1. Using P(r) over Cα pairs in 5 Å bins from 0, in percent as the read-out, say which of [x] 3, 15, 17, 15, 12, 10, 9, 7, 5, 4, 2, 1, 0; [y] 3, 16, 26, 24, 17, 11, 3, 0; [z] 4, 19, 33, 31, 13, 1 was calculated from these coordinates.
2. Filter the GluC sites (Glu not before Pro) in the chain to those in DSSP coil with at most 16 other Cβ atoms within 10 Å of their Cβ, and list the result.
3. Can you tally the net charge around S51? Count Lys and Arg as +1, Asp and Glu as -1, for every other residue whose Cβ sits under 15 Å from the Cβ of S51.
4. Pull out the extension gain between K68 and T31, defined as 0.36 nm times the separation in residues minus the alpha carbon to alpha carbon distance; nm, one decimal.
5. Can you list the trypsin sites (Lys or Arg not before Pro) in the chain that are in a DSSP coil and have 14 or fewer other beta carbons within 10 angstrom?
6. Would you calculate, for the chain, the mean residue ellipticity at 222 nm contributed by helices, counting each DSSP H stretch of 4 or more residues as -39,500 (n - 2.57) and dividing by all residues, to the nearest 500?
7. Find, among the chymotrypsin sites (Phe, Trp or Tyr not before Pro) in region 23-53, those assigned to loop by DSSP (not H, G, I, E, B) with at most 15 other beta-carbon atoms within 10 angstrom.
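Each reported figure results from applying straightforward, stated rules to the coordinates on display, with no laboratory input. This is a predicted model, so every value here is computed, not measured. Note that each Cβ is placed from the backbone with ideal geometry, even for glycine, and that neighbours are counted across all protein chains shown.
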Amino acid sequence: MDRIPVQSTNVAEVGYDPETMTLEVAFHNGTLYQYFDVPEVMFQELLRSDSVGKFLNTQIKNSYRYAKL
């Protein structure tokens, strides 16, 4: 999955696969997470947010299934 670099102190890159509705988040510390069944609108809002990390924590983290890769 292609990822886009973002401006964030914790998050390095984010990517999204609309076919599987999977959001991928790569952190500066090297960890990689995939969040499942995430609507594309949430990915677009993440990209537009003032704080990627804050949006991830408040809107994504406890709302969607995930796997640490």
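1. [z]
2. E19
3. Working: positive: R48, K54, K61; negative: E45, D50.
The answer is +1.
4. Here the answer is 12.6 nm.
5. Answer by residue number: K61, R65.
6. Values: 2 runs with 13 residues, N = 69.
Result for the chain, helices only: -4500 deg cm²/dmol.
7. Working: sites: F27, Y33, Y35, F36, F43; in loops: F36.
Answer in residue order: F36.
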